[in-house]
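Trainee: Dumping the structure here so I can ask a few things about it.
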Amino acid sequence: MTQIEVLEFLIQKGPGRVARELAQAIHGESAYQQQVNQDCNMLVDAGKVQRRGAGGADDPYRYWPT
């Protein structure tokens with residue numbers, strides 16, 4: 001299973017997670033959001049997930065199934 005497939009699964013089963021939470025679910029507690037940003041963007045561009053939020057510290061992007 002690829003990381004992008006795992007991300008899609010995690011978003012389906014736990015909608016509303018931020019990238020850091022998704023990265024930690026895959027790579028462990030010391031993970032950081034940059035490890036999944038590109039794949040999250042690919043899923044958004046492909047229309048498989050939605051990104052909500054402003055993207056800042058006060059309102060981070062959250063990922064939801066479409």
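Trainee: Can you name the helices of the chain, as whole DSSP H runs, whose Cα span along the helix axis is 30 Å or more and whose Kyte-Doolittle mean is not below -0.5?
Mentor: Membrane-span-like by this criterion, though nothing is claimed about a membrane: none.
Trainee: Leaving out ligands and nucleic acids, and using a 1.4 Å probe, what accessible area per residue does the chain come to in Å²?
Mentor: 64
Trainee: Within 12 Å, Cβ to Cβ, of residue 10, how many net charges do the neighbouring residues add up to if Lys/Arg are +1 and Asp/Glu are -1?
Mentor: It works out to a net charge of -2.
Trainee: How much length is gained if the chain between residue 13 and residue 34 is pulled fully straight, taking 0.36 nm per residue apart and subtracting their Cα-Cα distance, in nm to one decimal?
Mentor: Once the chain is fully extended between residue 13 and residue 34, it gains 5.4 nm.
Trainee: Once Rh for the chain is found with the Kirkwood sum over Cα pairs, what is the Stokes-Einstein diffusion coefficient at 25 °C and 0.890 mPa s, in µm²/s?
Mentor: Result for D is 213 µm²/s.
Trainee: Shifting gears a bit: Quantify, in whole percent, the carbon and sulfur part of the accessible surface of the chain (1.4 Å probe; protein heavy atoms only).
Mentor: 46
Trainee: May I pose another question? With θ taken as phi - 60° and the coefficients 6.51, -1.76 and 1.60, list the Karplus ³J(HN,Hα) couplings across region 54-66 in order, rounded to whole Hz; mark glycine and proline as x.
Mentor: 8, x, x, 4, 7, 9, x, 4, 10, 10, 10, x, 8
The values are calculated or read from the model by the stated rules, or taken from the named source; none is laboratory data. Given the structure is predicted, the values throughout are model-derived calculations rather than measurements. Reconstructed Cβ throughout: ideal geometry from the backbone, glycine too, with neighbour counts over all protein chains shown. When the accessible area is computed, the model is the full protein with side chains, heavy atoms only, and any ligands, DNA or RNA have been set aside. Shrake-Rupley method; radii C 1.70, N 1.55, O 1.52, S 1.80 Å.
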